[in-house]
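These notes are about the structure you will find just below.
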Amino acid sequence: MTSSDHGVPRPGRSPAARASGRGRSPGETPAHAFTTGVADSPAAAVTDKDKRALVSAVECTFDNLFTREYHQGERGEIDALYRKAKAKQWDVDLDIDWSVGGQIDRARDPGNPLNRYHVPSEGVFARLNAGQRADLGHAGAAWTISQFLHTEQGALACAAKLVQASPWLDAKFYASTQVMDEARHMEVYARYIREKLEWEFPINPHLSGLIDDVVRDARWDFTYLGMQVVIEGLALAAFSLQYKLSPDPLLRQITRYVMADEARHVAFGVLSLRETYAELTSAEIRERQEFCFEAVLSMRNRYLSEEVWEELGLPVRECAGIVQHSPVHAEFRRALFSAIVPNLKRLGLLDAGDGWLRARFGELGVLGYEHLEDTSVAYERMDLDHAPWDVVQYQHY
């Protein structure tokens, strides 16, 4: 039985979107598109006032879908996610060992493997003294965690939107648990920044623009695709690298707890969209392929870290150019696609139509990840039950 048999609206432009004039025809270049050459440029100029604003508004209109079908478990895989999520609700105060110290010293340590991504050795970076390089390490760590924090608030808004906009009861139930997950992630990262790094950065313009687009779009499937599959998929890959490389036991503990939640979130997106995308027209699929490509470029480009160079008084364009062409950074950015490519393949977006998205990902050199397991299969192995005991020894649940 297909979703249309239950009277579920197709994930095209909703009445609200049509009334507001939002949405575009397949193939039409969106206002935020990235073309060759522009894709790797630093972010557009944003005023310091905008960067430091404590509150920003994103106008959004979408249909609130009520379901009168209350038979839980019709979508068994999503129901299983919901039951697992209920059982794995960890607590920031009870499960994390906040007594661990030394975070700033570890961030400033030139031997920290993560500093290879924040402190290149050529150009302007080669002229820095030991203290300046330590400042870069500290700033890089603070910037990274700050972007995680900002992303979690975007995910919180999208999860709340999915409670309202998803057409299925099982999805509404699961999305409600994700709202709590995202609030917890915001809490843990805000506390880590405040108490352990003592340095917070504003949201990166690339990230902010993408989150705004996802929240603003009236189509419920774009919330799944943009946040659950693309943004959280890239975040899951970044968390995995951080967990493997960080010398900070507290950050590793936090990251491992967050990873378990994030894997469920990404799996939720894949499982929810799989049957829906099988019913779309070729034109609708192409629009989603284009959106995915634009989104991953935007997320990749946020790792040019312009805010770090600006904060430390370094030449932003020169630093961004060095980072962009650094082999270490290039490999790091490619690794961010490790969860994206197999998930989009599972959804049929990689090869749909004329294989447009496959060709684009081929140009980026990331097709080597297509044979990995998609997250809807792999998420159970990322559960806290599979984490080392010394990392999750405070499981209060």
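Couple of notes before you dig in:
- Segment 333-346 - phi-based ³J(HN,Hα) in whole Hz, Karplus 6.51/-1.76/1.60, Gly and Pro as x: 5, 5, 4, 5, 8, 4, 9, 6, 4, x, 5, 5, 5, 4
- Distant-in-sequence amide H partners of Leu350 (H built 1.01 Å from N, under 5 Å): Lys345
- Between segment 360-394 and segment 299-329, the alpha-carbon center distance in angstrom: 27
- Phe201 long-range amide H proximity, modeled H, under 5 Å: Ser146
- ³J(HN,Hα) computed for each position of segment 91-105 - Karplus, 6.51 cos²θ - 1.76 cosθ + 1.60, integer Hz, glycine/proline x: 10, 4, 7, 9, 9, 9, 8, 6, 6, 5, x, x, 5, 5, 4
- Asp390 versus Trp98: modelled label distance in nm, points set 7 Å from Cα along the beta carbon direction: 2.4
- Computed label-point distance, nm, for sites Met180 and Arg127 using a 7 Å Cα→Cβ extension: 5.5
- Share of pairwise Cα separations in segment 248-369, more than 20 Å, in percent: 56
- Ordered from highest to lowest accessible area with the whole protein assembly present and a 1.4 Å probe, Arg106, Arg68, Arg194 read as Arg68, Arg194, Arg106.
- Cα-based convex hull volume of segment 321-387 per residue, rounded to whole Å³: 98
- Accessible area of Asp213 in the full protein assembly, 1.4 Å probe (Å², nearest 10): 40
- Average Cα contact separation per residue, segment 173-291, under 8 Å, 6 or more apart, as relative contact order %: 24
- For segment 289-354, the alpha-carbon coordinates run over 46, 21, 17 Å along the three principal axes, in decreasing order.
- In the complete set of protein chains, residue-level accessible area for Glu77 is approximately 100 Å², probe 1.4 angstrom.
- D (Stokes-Einstein, µm²/s), Kirkwood Cα radius, segment 135-291, 1.306 mPa s at 10 °C: 98
- To the nearest 10, the accessible area of Tyr394 is 80 Å² with a 1.4 Å probe.
The values are calculated or read from the model by the stated rules, or taken from the named source; none is laboratory data. Since this is a predicted model, take the numbers as computed values, not measurements. Positions of Cβ are backbone-derived with ideal geometry, glycine not excepted, and every protein chain shown enters the neighbour counts. Remember, those area values only see protein heavy atoms, side chains included, never the ligands or the DNA or RNA. Shrake-Rupley method; radii C 1.70, N 1.55, O 1.52, S 1.80 Å.
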